[in-house]
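The values are calculated or read from the model by the stated rules, or taken from the named source; none is laboratory data. Predicted, not measured: the structure shown is a model, and the values here were computed from it. Because the Cβ atoms are built from the backbone with ideal geometry, glycine has one as well, and the counts that use them run over all protein chains shown.
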Amino acid sequence: MLKISEMAKLANTTRRTLIFYDEQGIFLPKKRTDRGYRYYDYEQLYDLLFILGMKNLGLPLEKIKELQDKPSEKVMDELLNVQEAIDDKIGELSKVQSVVSRKISENSGLIAEPYEPVLTKRPKVTFWCSRESVSCTEEEIAELFAEFYQQLDKLALMDGNQSGFLTDLPDADSKAYPDASFRVIKESSTNNSGKAMPKIEKSAGVYAVIKVENSTAGVCRGLDKLNYFCDEKQLKITTDMWQMNDSSALTNRGGSDYLWLEYLVKNK
């Protein structure tokens, strides 16, 4: 069983909160010793997370206790109302996040010479993404690109949001690049088509990046330089290569004339 401090740590809350919930009859320990020590089962974690979630939404403890005490069929309406409130908050935060991301993008233009690797911070960005490619032929790239943008709003191709490809390429290995699988990606703030689209998130963090010409030879040259750069600085990078367009003007194989190759640097 879990001690009170262990349960608090697991739920990312405090020992004092658990004691208070116990005193209020909201969340009781599974067992209490003669000396007053509280112990909890792992299964109780789900109930605790529910309580903490409701509290974060602003529900008073009395209301949370009502939700616990009601029969399941009566709880459903209350939970649907809570879910609606959560969706509203997510919608509001998404709008704020979109504005903040746009401001960051407008003021974080990276200036670097082609084929000169650098380290830079990148913000979190969410992208719509296509299905994964099955080959890297010109025909497959064209089909994937057309299929992807047909699913999005008609104006998505024209807006200035970030776009490019997400390529599965461990170790920045240029030899594996010509056959590496990839997805078409587009920043997710634009899609009024009404169609459900899969999303993928680019994490915030420090990235090893390099600007390259948009061609297989240009990308491979950049990968070799990026690989050497990471080895020299003893940097560990993730397997995902974010192949981002340098501008919104797509002129070459669904991309701009120059690309940014970006790898998230792992924390040591």
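Considering only segment 152-164, I want to know if a residue exists there that is in a loop (DSSP other than H, G, I, E, B), hydroxyl-bearing (Ser, Thr, Tyr) and either under 21 Å from Ala217 (Cα atoms) or modelled with pLDDT of 80 or more (or both). No, there is no match, as no residue in segment 152-164 is in a loop (DSSP other than H, G, I, E, B), hydroxyl-bearing (Ser, Thr, Tyr) and either under 21 Å from Ala217 (Cα atoms) or modelled with pLDDT of 80 or more (or both).
Just one of the listed residues (Ile185, Ile200) is in a strand (DSSP E or B) and crowded, with 18+ Cβ neighbours inside 10 Å, namely Ile185. Only one of the listed residues (Leu45, Leu28) is closer than 30 Å to Thr126 by Cβ, among the hydrophobic types (A, V, I, L, M, F, W, C), out of contact with any strand residue (DSSP E or B) (no Cβ under 8 Å at 6 or more places or on another chain) and outside the structural domain of Ser188 (by TED's automatic domain parsing). That residue is Leu45.
Exactly one residue out of Met241, Met197 is closer than 24 Å to Glu132 by Cβ and modelled with pLDDT under 85, and it is Met197. Checking each residue in segment 203-237 for being loosely packed, with under 14 Cβ neighbours inside 10 Å and assigned to a helix (DSSP H, G or I) picks out Thr216, Ala217, Tyr228, Asp231, Glu232.
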